Amino acid sequence: MPAPAHLTDRHPTVSPERLIAGLVPPPTFADVSFDSYRPDPGEPTQAAAVGFCRRFCEEAAKQREGKRKMFGKREPGTGVGLYLDGGFGVGKTHLLASIYYTLAAGPAPAAFATFGELTQLAGVFGFTECIDLLADYAVVCIDEFELDDPGNTTLVSRMLSQLVERGVSIAATSNTLPEQLGEGRFAAQDFMREINTLSAIFTTVRIEGPDYRHRGLPPAPEPLSDDEVTARAAAVDAATLDDFDALCAHLATMHPSRYLALIEGVSAVFITGVHALDDQSVALRLVALTDRLYDAGIPVVASGEKLDTIFSPEMLAGGYRKKYLRATSRLLALTAAGMELPGPA
């Protein structure tokens, strides 16, 4: 078997056409539906959220269809909004993807993007052109609406306001910290304050519960040695093997919008020499890569320090705390999957 490839040898590019084609749910949510969502019996807000989402789809389709005007033409109504507020791993993305598939099955297209992908779309096409591009969509689904960049938040808020006026409905999810769920809709309040022009059309739905990714999972596994990781990587087809510092340096050479193309066709990511980070920029790029790996369902196997210690206590106490905890949650799930990969013969 040939030696594993390296992510550091890849230099992907992303065309505008690919950005548009990528406005769909990630592969891990390719087959989800409202019926496949499994609410926790002990968390009634989860079952209630499914009902809210179904009704949102009905209203969004109705507003997109609009009212019949003179000469048989129809004019879209005003779009409606739904905001799913909850902690990590309670199924918000599952429900958001179900909204996408439900409305995409109708006569108008649907779009699904992370907050970062949406800002990238505006950057590539321009503000006005981006609105024109999405104006005929039934819904724009935004996963993990970010509040830590005021400039981007204001940009996206203005864009969404104009889309709603043109009949496009908006569904979004939050990234509320689990321990803040009892603090009076912390994320929802921030969201509404930042996009006050949209607040009148949004219905906020709280989804509570523990992170499903950790239900029954053990804590972070003990890291393997460098030699063990190298040997395991050689036993997996289409795997990549990289040094942690070299990979972090490589991520700095491209915009995060290219990270999905960076891991395209990769079956598993093996990393040696993992250690705690002390640079915020490096950490945020790693968060972005983790999100793309999780979306694509690509397992991770690593040596060095435990993956739940990458982000320092100082980072976890700062303004990007939500991002780091989400990334840690996802890394634990990916490493659990990595331990199931076949080892060397």
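The values are calculated or read from the model by the stated rules, or taken from the named source; none is laboratory data. Since the model is a prediction, treat every value here as computed from it, not as a measurement. Neighbour counts are summed over all protein chains in view; Cβ atoms, including those assigned to glycine, are modelled from backbone coordinates with ideal geometry. Please note that ligands, DNA and RNA were not included when accessible areas were found on the heavy atoms of the full protein model with its side chains. Shrake-Rupley method; radii C 1.70, N 1.55, O 1.52, S 1.80 Å.
Pairs of Lys residues in the chain, spaced 8 or more positions apart or belonging to different chains, with C-alpha separations under 25 angstrom: 6 in total. Placing dummy labels 7 Å off each Cα toward the beta-carbon, the span from residue 36 to residue 237 is 2.4 nm. Modelled spin labels at residue 321 and residue 55, positioned 7 Å past Cα toward Cβ, are 3.3 nm from each other. Using a Förster radius of 41 Å, what is the FRET efficiency between residue 158 and residue 340 based on their Cβ-Cβ separation? Nearest 0.05, please. That gives a FRET efficiency of 0.35.
Of the accessible area of the chain, with the probe set at 1.4 angstrom, what percent is carbon plus sulfur?
Answer for the chain: carbon and sulfur cover 54 percent of the accessible area.
Select from the chain the helices, each a whole stretch of DSSP H, whose alpha-carbon atoms run 15 Å or more along the helix axis and whose Kyte-Doolittle mean is at least -1.0; answer none if there are none. All intermediate terms of the calculation are to be shown ahead of the outcome.
Details: long enough: 44-65 (33 Å, -0.63); 92-104 (18 Å, 0.58); 115-125 (16 Å, 0.97); 150-165 (23 Å, 0.11); 280-296 (24 Å, 0.39); 321-338 (25 Å, -0.16).
The answer, listed by residue number, is 44-65, 92-104, 115-125, 150-165, 280-296, 321-338.
Using per-residue counts of other Cβ atoms within 10 Å, averaged over each peptide, order 14-23, 107-116 from highest down.
On the way: 14-23: 13.8, 107-116: 19.5.
Packing proxy ranking, top to bottom: 107-116, 14-23.
First select every other residue whose beta carbon is under 12 angstrom from the beta carbon of residue 271; then total the charges, Lys and Arg +1, Asp and Glu -1. Before the final figure, lay out the partial values.
Working: positive: 232; negative: 226, 242, 243, 245, 305.
Result for the local shell: -4.
The length gained by stretching the chain between residue 227 and residue 203 to full extension, at 0.36 nm per residue less their Cα-Cα distance, is 3.4 nm. Site pair residue 278 and residue 17 shows an inter-label distance of 4.8 nm when each label is modelled 7 Å from Cα along Cα→Cβ.
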